[in-house]
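The values are calculated or read from the model by the stated rules, or taken from the named source; none is laboratory data. Since the model is a prediction, treat every value here as computed from it, not as a measurement. Reconstructed Cβ throughout: ideal geometry from the backbone, glycine too, with neighbour counts over all protein chains shown. Please note that ligands, DNA and RNA were not included when accessible areas were found on the heavy atoms of the full protein model with its side chains. Shrake-Rupley method; radii C 1.70, N 1.55, O 1.52, S 1.80 Å.
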Amino acid sequence: MDNNVLAKVEGIEITKEHLMNIMRSLPQQQMMEVSTVEGRKRLLDELIAAELFYLEASANKLDEEEEFKKILEEATHSLLQRFAIQKLLEKVTVSEEDMKAYYDNNKKSFVSSEEVRAKHILVKEEEEANRIRKEIEEGKSFDEAAKEYSTCPSKDKGGDLGFFGKGRMVPEFDKAAFELKVGELSDVVKTQFGYHLIIVEEKKEAAIKTYEQVQEQIKQTLIRNEQTKVYTDKFNSLKEQYNVEINEDGLK
């Protein structure tokens, strides 16, 4: 059997691609459940079972029953509705010229907030934090102290938290970090997690993002706007083309 084929049921192939597509469509929790080998085996069993039930239903001519025909008609009706809308909207595109014009007219919407790149050391006791602060003032490197004393996982990177904007950290930490100058060591900062020492490595001032940075965002915004317009125009056109009667009293 081809390595890409996981099973065959009366010649019907169940492939790795089919299995992976189903896994990707699952909600996060269910995806986690089938991410192991055992989980994938259970999912494969479900796919095999589905094909077996299909074969039995065909053999018993369930597709000729009136109840099934009604279900099929309803499903076809619904699928055709969605397919028609999909075909209408997939034609929508936006030009580079429109995208750049939108950027030029809405630059205030693309301002990146002020950010800092900070390192910290987290300990449980204030006394310990003050002792570590003294060691750093006397020449011990911040990175070395973080690796030796900090209880935060960031200790492995010398306490480096990377860049973050205002409001990302708890208020006490946030206030201290944004008030520090680059290279300045903070006083001991108390938060719900313990006692921190903070040092700011870099600062980024608030600035307007470049067109290249927001190009894809603008494209999606303009496409959504245009799709809404196309959908509404088509909807209004079809209402005039076909007989539509609405009973608003029935909504009350």
Review point. Are there any pairs with C-beta distances below 6 angstrom linking a residue in the range 98-122 that is over 11 Å from TYR211 (Cα atoms) to a residue that is open to solvent by 50 Å² or more (accessible area, probe 1.4 Å) and part of a helix (DSSP H, G or I), with the two at least 6 apart or on different chains, and if so which?
Key: none
Point to revise | Residue that is surrounded by the most Cβ atoms within 10 Å (Cβ to Cβ), among those in the range 123-136 that are in contact (Cβ under 8 Å) with a residue 24 or more places away in the chain and basic (Lys, Arg) | key: ARG133
Review point. Looking at LYS124, LYS147, LYS107, LYS134, which is the one that is closer than 22 Å to GLU205 by Cα and not hydrophobic (A, V, I, L, M, F, W, C)?
Key: LYS107
**Study point:** Condition broken by VAL244, with the remaining ones in (1) surrounded by 13 or more Cβ atoms within 10 Å (Cβ to Cβ); (2) β-branched (Val, Ile, Thr); (3) in contact with a Leu (Cβ under 9 Å, 6 or more places away or on another chain) satisfied
**Key:** (1)
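I need a count of the residues in the range 219-250 that are of a type in the set (A, V, I, L, M) and not in a helix (DSSP H, G or I).
Qualifying residue count for the region: 2.
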Review point. Which residue pairs have Cβ atoms under 9 Å apart, sit 6 or more places apart or on different chains, and have a first residue in the range 38-54 that is closer than 16 Å to VAL5 by Cα and a second that is loosely packed, with under 12 Cβ neighbours inside 10 Å?
Key: GLU51/GLU10
Review point. Taking interchain pairs and intrachain pairs at least six residues apart, which have beta carbon atoms under 8 angstrom, with the first residue in the range 137-164 and open to solvent by less than 20 Å² (accessible area, probe 1.4 Å) and the second hydroxyl-bearing (Ser, Thr, Tyr) and assigned to a loop (DSSP other than H, G, I, E, B)?
Key: GLY159/SER150
Check your understanding: Could you say which residue among VAL214, VAL188 is farther than 30 Å from GLY139 by Cβ, in contact with a Phe, Trp or Tyr (Cβ under 6 Å, 6 or more places away or on another chain) and at pLDDT 95 or above?
Key -> VAL214
**Study point:** Test: residue in the range 78-87 that is under 30 Å from THR221 (Cβ atoms) and β-branched (Val, Ile, Thr)
**Key:** yes
Check your understanding: Of all residues in the range 165-182, which are open to solvent by less than 50 Å² (accessible area, probe 1.4 Å) and closer than 20 Å to ILE136 by Cα?
Key -> PHE173, ALA176, ALA177, LEU180
Check your understanding: List the pairs whose first member sits in the range 13-30 and is assigned to a helix (DSSP H, G or I), whose second member is open to solvent by 80 Å² or more (accessible area, probe 1.4 Å) and of a type in the set (S, T, N, Q), and whose Cβ atoms are under 6 Å apart, counting only residues at least 6 apart or on separate chains?
Key -> none
Review point. If you go through the range 61-84 one residue at a time, do you hit one that is assigned to a loop (DSSP other than H, G, I, E, B), out of contact with any Cys (no Cβ under 8 Å at 6 or more places or on another chain) and open to solvent by 70 Å² or more (accessible area, probe 1.4 Å)?
Key: yes
